[in-house]
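The values are calculated or read from the model by the stated rules, or taken from the named source; none is laboratory data. This one's a predicted model, so the numbers in the text were calculated from it and none came from an experiment. Using ideal geometry, Cβ is built from the backbone for each residue, glycine included, and neighbour counts are taken over all protein chains shown. Protein only, heavy atoms only, side chains kept; ligands, DNA and RNA dropped before computing areas. Shrake-Rupley method; radii C 1.70, N 1.55, O 1.52, S 1.80 Å.
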Amino acid sequence: MANRVKCLIIGSGPAGYTAAIYASRANLAPVLIEGPQLGGQLTTTTEVENFPGYPDGVEPFQMMDDMKRQAERFGTQFVSGVVTKVDFSVSPKKVWVEDTEEYEADAVIIATGASAKYLGIESERTYKGRGVSACATCDGFFYRKKTVAVVGGGDTACEEANYLAGLCEKVYMIVRKPYLRASEIMQQRVLNNPKIEVLFEHNTVQLTGEGKVQGADLVYRKGEADEVMKHIAIDGFFLAIGHHPNTELFKDYVNRDAEGYIIVDGDSPRTNVPGVFAAGDCADPHYRQAIVAAGSGAKAAIEADKYIKSI
Ligand code: NDP
């Protein structure tokens, strides 16, 4: 028999937890399905310095645990598991966890976040888990005193490079443009770190090695008259080239843009399906910040409350 709830929240990042705090304080007795990565993407970073309320910075697991406990205090029920199927064509909406446990909900808040992108080169797959990683915080420890490369020129890449420089002998940053896209403060940290060498205008062609990553073939100024091939010896290859939204599951019901971000109604979290709301990075191609996600989670819970009272 299906579990009947008023408000179901999918995802345990800042958007999901904040939605849970607001929904539980509004007496919606929400159930939150935690998903594959408890605490969301933030838990793959090292330290959060820009979330208001933590003047000395905070360890991401700590921050997410604080949010969870805050939601728990007001009665949110947490379910560990992954949503595998939904049916938003009916009312109440149906959601299945691990294909077996069925929920029926008046309102659903989608807060499934985004996941790391890969370059799409063959050898990335060959060496996945054997030198290729998309999470420096998770895997950096294995590369102590070794040489690694980080691909990307945004804030994530800079953060990962700095973190790895604290553990590794040397860190290459492979940046396809002649400049970094990251914020000024992050750029300065990278450029002033003697362990980091930034390879501007380089693209990775392939990874090499016997059973594990031992090197990368790069090309400098690809397609230009002065194009040059370059090989670097590395032990680890870290992707930090952005993310794609985790929204495949909802594609039959909820409108998405060309990149898969859920389309919401103006600055509200309302989707095209009445009673289904989207919050956080799954619907935000622009800001992708924990504080913005948290704010949109609050908005989604307020809208869910309004919707439930209206039906
Ligand atoms: P971004 O989209 O900002 O940057 C992606 C980087 O990867 C760019 O340098 C891009 O190059 C490069 N890239 C993309 N595709 C490829 C490819 N196929 N080959 C090589 N390089 C590629 O993503 P981030 O994850 O860095 O950041 C996302 C958002 O999160 C941003 O708004 C950022 O500010 C924020 N953020 C903030 C942090 C903080 O404030 N502490 C920490 C981490 C993220 P190009 O520039 O050429 O497009």
Residue list for the stretch 262-288, filter: charged (D, E, K, R) and on the phi > 0 side of the Ramachandran plot:
ARG288
Step by step: first the residues of the stretch 227-243, then only those that are of a type in the set (D, E, K, R) and open to solvent by 70 Å² or more (accessible area, probe 1.4 Å), then the one that is farthest from LEU164 (Cα to Cα). Which residue is that?
GLU227
Count of the stretch 283-298 residues which are out of contact with any helix residue (DSSP H, G or I) (no Cβ under 8 Å at 6 or more places or on another chain) and more than 12 Å from the ligand (Cβ to nearest atom)
0
Could you give every pair whose Cβ atoms fall below 6 Å, whose first residue belongs to the stretch 157-181 and is more than 8 Å from the ligand (Cβ to nearest atom), and whose second residue is open to solvent by 60 Å² or more (accessible area, probe 1.4 Å) and of a type outside the set (Lys, Arg), counting only separations of at least 6 or pairs across chains?
TYR172/GLU197; PRO178/PHE200
Filtered residue count, the stretch 182-201, keeping only those that are within 15 Å of the ligand (Cβ to nearest atom), over 25 Å from the mean Cα position of the chain (by Cα) and in contact (Cβ under 8 Å) with a residue 24 or more places away in the chain
3
Does the stretch 209-220 hold any residues that are open to solvent by 40 Å² or more (accessible area, probe 1.4 Å) and either more than 30 Å from PRO285 (Cα to Cα) or outside any strand (DSSP E or B) (or both), and which are they?
GLU210, GLY211, LYS212, GLN214
Hey, can you tell me all the residues within the stretch 64-103 that are among the small types (Gly, Ala, Ser), loosely packed, with under 15 Cβ neighbours inside 10 Å and in contact with a helix residue (DSSP H, G or I) (Cβ under 8 Å, 6 or more places away or on another chain)?
GLY75
From GLY153, GLY223, grab the single residue that is crowded, with 20+ Cβ neighbours inside 10 Å and either not charged (D, E, K, R) or not in a helix (DSSP H, G or I) (or both).
GLY153
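Could you check the stretch 104-125 and list, in sequence order, the residues that are surrounded by 17 or more Cβ atoms within 10 Å (Cβ to Cβ) and outside any strand (DSSP E or B)? Break it down stepwise before answering.
First pass over the stretch 104-125, keeping only residues surrounded by 17 or more Cβ atoms within 10 Å (Cβ to Cβ): 104-114, 116, 119, 123-124.
Scanning the stretch 104-125 gives ALA111, THR112, GLY113, LEU119, SER123, GLU124.
May I ask you to verify whether PHE61 is farther than 28 Å from SER268 by Cβ, in contact with a helix residue (DSSP H, G or I) (Cβ under 6 Å, 6 or more places away or on another chain) and modelled with pLDDT under 95?
Values: farther than 28 Å from SER268 by Cβ: yes; in contact with a helix residue (DSSP H, G or I) (Cβ under 6 Å, 6 or more places away or on another chain): yes; modelled with pLDDT under 95: yes.
Yes: the conditions hold for PHE61.
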